[in-house]
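First the structure, in the form of structure tokens, and then the observations on it.
The values are calculated or read from the model by the stated rules, or taken from the named source; none is laboratory data. Source: prediction; values computed, not measured. Neighbour counts are summed over all protein chains in view; Cβ atoms, including those assigned to glycine, are modelled from backbone coordinates with ideal geometry.
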Amino acid sequence: MCYLCSSNKTAWKSRRAFVLAAGFAAAAPVMAQVDVGKSSTFRNLVSAEQIETASAQQYAQILAQARAKSLLATDSNAQLQKLRAIAQRVIPHTGQWNDRARQWRWEINLFRDKQINAFCMPGGKIAFFSGILDQLQLSDDEVAMVMGHEMAHALREHARAQIGKTQATGLGLSLAAQMFGLGDMGNLGARALTQVASRKFSRDDEAEADLVGMELAARSGFSPQAGSSLWRKMAAASGGKKGGLPFLSTHPSGPERIRELEANAPKVQALYEQARKGG
């Protein structure tokens, strides 16, 4: 969240949607600076390829619906270009956290919607809502924190672990449908997108994603201090109303979360400074 950048920087490809097949050169992994422990063993109960394939299909359907409703930002959109530029800096550092990420065909798109929300599906399918950029007036550093956090959920395979855990009790298929919106897509603005973005991870998963995301951002040259400023903005935007923001319904904010980010920021500060120097 290891400098694993490809020696031949992979070009961003534009074919309606923005796609990047992340290329990584073989390199000795650099030790993580934040400690999040091992990934859940429950993920081994479900095929990663199956989950990633289902996510890619669902993502394609969502893009098609958004395009049909003129809610999908075009490649010339300035906000989308900024998101893709930030992603281009972060993606090369993802391989340390998940070897499969080296082969993922990363995509990032922007939905013109006032929701304060963003998500990353298994396999590297990312979406931002324009509301999170407009209403919170996020800096590039803060955008990188949101992006890194969402990437971390995919890299640490939190969705796969949840499905594996529930599948062990016979509920896996039902949960998969809920998490990825499989089946009836419904109305794009009211149902389909929120189905995909409404995955509820555990408190441990959220804390893990915060730290992995912060390290990803720092290695990419984005300030780790932006983590705490981001969540302060989130808390202020919620106005103390529960469920007021879709993002906060699945990413609870609070003083404890901010304190944890502030406590861990010094651990990745050197990575940030090195990245800013181009080292």
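Against the criterion of being of a type in the set (G, A, S) and at pLDDT below 95, A60 qualifies. Only one entry of A101, A32 meets the criterion of being out of contact with any His (no Cβ under 9 Å at 6 or more places or on another chain), surrounded by 21 or more Cβ atoms within 10 Å (Cβ to Cβ), modelled with pLDDT of 60 or more and not β-branched (V, I, T), and that entry is A101. Of all the criteria given as (1) modelled with pLDDT under 90; (2) within 28 Å of G95 (Cα to Cα); (3) among the polar types (S, T, N, Q), the one not satisfied by Q274 is (1).
Residues are listed down the side, and each one gets a yes or a no for (1) among the acidic types (D, E); (2) touching a helix residue (DSSP H, G or I) at 6+ places or on another chain (Cβ under 8 Å); (3) under 17 Å from T53 (Cα atoms):
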{"residue": "N117", "(1), (2), (3)": "no, yes, no"}
{"residue": "M121", "(1), (2), (3)": "no, yes, yes"}
{"residue": "I126", "(1), (2), (3)": "no, yes, yes"}
{"residue": "V146", "(1), (2), (3)": "no, yes, no"}
{"residue": "E150", "(1), (2), (3)": "yes, yes, no"}
{"residue": "L155", "(1), (2), (3)": "no, yes, yes"}
{"residue": "R160", "(1), (2), (3)": "no, yes, yes"}
{"residue": "I163", "(1), (2), (3)": "no, yes, yes"}
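Taking A177, is it modelled with pLDDT under 85 and over 19 Å from the mean Cα position of the chain (by Cα)? When the stated conditions are applied, A177 passes them.
As a summary of the residue check, E206 satisfies the conditions (1) modelled with pLDDT under 75; (2) under 30 Å from A60 (Cα atoms) except for the one numbered (1).
S139 fulfils the conditions (1) crowded, with 24+ Cβ neighbours inside 10 Å; (2) at pLDDT 95 or above except for a single criterion, (1).
Table: residues versus (1) closer than 21 Å to D141 by Cβ; (2) surrounded by fewer than 19 Cβ atoms within 10 Å (Cβ to Cβ); (3) at pLDDT 95 or above.
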{"residue": "S40", "(1), (2), (3)": "no, no, no"}
{"residue": "N44", "(1), (2), (3)": "no, yes, no"}
{"residue": "K69", "(1), (2), (3)": "no, yes, no"}
{"residue": "L83", "(1), (2), (3)": "yes, no, yes"}
{"residue": "G95", "(1), (2), (3)": "no, no, no"}
